């Protein structure tokens with residue numbers, strides 16, 4: 001089975017897992033098995049350098065990291081906020097990666113405030129450690145309101161926290177990259193699968 005076939009199997013397996021929020025232990029093992037099959041098929045020998053040399057935007061398809069899927073958010077039950085879009089933006093000129101997490105009202109209030117959302121951004125300074133590894137330092141954080149009480153407030157300035165000292169944020173290894181799909185493993189051993197979002201215009 002070729003690369004595109006294994007990719008197709010992986011994407012099909014990830015459907016219905018809500019980016020990992022609803023995955024069972026057995027489903028996680030199956031995802032890991034498919035990823036291990038896909039890793040040797042990665043066509044780019046230096047994906048870390050490629051990633052940091054071009055602007056790109058990515059959506060999260062799957063993660064097993066506790067700080068994402070174990071955060072108590074996701075489906076928005078009870079008083080927990082729900083996660084909307086989760087992704088990353090790479091800026092080649094700034095050498096930064098911005099982690100994007102959209103938060104929506106808890107399930108109890110979602111019918112009253114269906115359009116309300118807040119985007120949390122963590123800006124990370126990135127550097128190439130090896131052809132497949134990227135090192136990271138936190139540069140700052142932002143909270144960007146999108147809608148409040150049904151009103152579009154996206155033009156309001158974001159709440160920012162720029163750090164005078166950039167603490168380390170760990171690293172990740174690119175296991176698979178073909179320009180469309182990216183699979184990484186963090187320094188803590190957690191896996192993330194992201195799909196590239198087509199640029200607008």
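Restricting the first residue to the stretch 175-192 and requiring it to be surrounded by fewer than 17 Cβ atoms within 10 Å (Cβ to Cβ), which pairs with a second residue that is assigned to a loop (DSSP other than H, G, I, E, B) and modelled with pLDDT of 95 or more meet a Cβ separation below 8 Å and a spacing of at least six or different chains?
Qualifying pairs under 8 Å: 179/44.
Does at least one position in the stretch 8-17 carry a residue that is more than 18 Å from the chain's Cα centre (by Cα) and exposed (fewer than 14 other Cβ atoms within 10 Å of the Cβ)?
yes
The values are calculated or read from the model by the stated rules, or taken from the named source; none is laboratory data. Being a predicted model, the structure only gives us computed values, none of them experimental. So basically every Cβ, Gly included, is an ideal-geometry build from the backbone, and we count neighbours across all protein chains shown.
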